[in-house]
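> Got a structure for you, questions after.
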Amino acid sequence: MYEDGKKINELLGLAQENNVMLKRMQRARRFSSFFWVVKWVVIIAFAAGAYYYLQPFVESLQKVVPQLEGTFKSLPIPGWGSTSSTTPR
């Protein structure tokens, strides 16, 4: 009879220890999920901010590139569009 009570108390202690470990694991999972979301919010916000900051530069480059292409096409450099340039024999 005494042996049964000892085993029950041992099982109760193991169950309580297991419960503490499970609660710690659940808390760690919650923190991990929270910080995963925070990480992606920061990444997306940084990308949006970079786009907002760089948008004027990109738009000015979009205006300049066709002008540069026109300038290079008018030069007598082989391979840059001018058909009247001399080709090597």
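Readers should treat all values here as calculations from the given coordinates under stated rules, not as data from a laboratory. Quantities reported herein were computed from a predicted structural model and do not represent experimental measurements. Ideal geometry is used to build each Cβ from the backbone, glycine not excepted, and the neighbour counts take in all protein chains shown.
> Do we have GLY49 as in a helix (DSSP H, G or I), among the small types (Gly, Ala, Ser) and surrounded by 10 or more Cβ atoms within 10 Å (Cβ to Cβ) here?
Judged against the criteria, GLY49 is a match.
> Can you tell me which residue among LEU11, LEU68, LEU54 is assigned to a helix (DSSP H, G or I), more than 37 Å from the chain's Cα centre (by Cα) and surrounded by 10 or more Cβ atoms within 10 Å (Cβ to Cβ)?
Just a single option satisfies the conditions, and that option is LEU11.
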